[in-house]
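Structure record follows, encoded as structure tokens.
The values are calculated or read from the model by the stated rules, or taken from the named source; none is laboratory data. Note that the coordinates shown come from a computational prediction; the quantities given were computed from them, not determined experimentally. All Cβ positions, even for glycine, are placed from backbone atoms using ideal geometry, and neighbour counts span all protein chains on display.
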Amino acid sequence: RKAQGNDLVAKSEKLNKMSSLLERLHAKFNPNTRPWTETMKLVRQVMEKRVVMNSAGHQNLVSCLETLQKALKVTSLPAMTDRLESIARQNG
């Protein structure tokens with residue numbers, strides 16, 4: 001039982017860290033503290049633009065997407081999009 005309690009504490013701490021990270025990213029890249037829905041809209045617009053990216057930028061993007069995928073425990077891009085939209089709605 002104690003191990004289960006420790007597991008729950010560890011998971012809770014991990015979720016808190018992830019939430020904190022997302023909030024810091026949101027604050028860092030949105031100095032006017034836009035609502036999450038606006039942030040997601042901007043992300044979608046940028047993603048829709050077909051921009052030529054150098055290999056270092058591409059690798060950074062892939063790394064960030066992999067980190068998000070692991071943190072959100074999703075296996076596909078649509079699942080990640082749904083999860084991020086859900087988080088955006090929860091955070092208003």
Among the residues of the stretch 29-46, is there at least one that is at pLDDT 80 or above, more than 16 Å from the chain's Cα centre (by Cα) and farther than 20 Å from Gln90 by Cβ?
no
How about the stretch 40-83: which of its residues are loosely packed, with under 10 Cβ neighbours inside 10 Å and farther than 22 Å from Leu15 by Cα?
Gln45, Val46, Glu48, Lys49, Arg50, Val51, Val52, Asn54, Ser55, Ala56
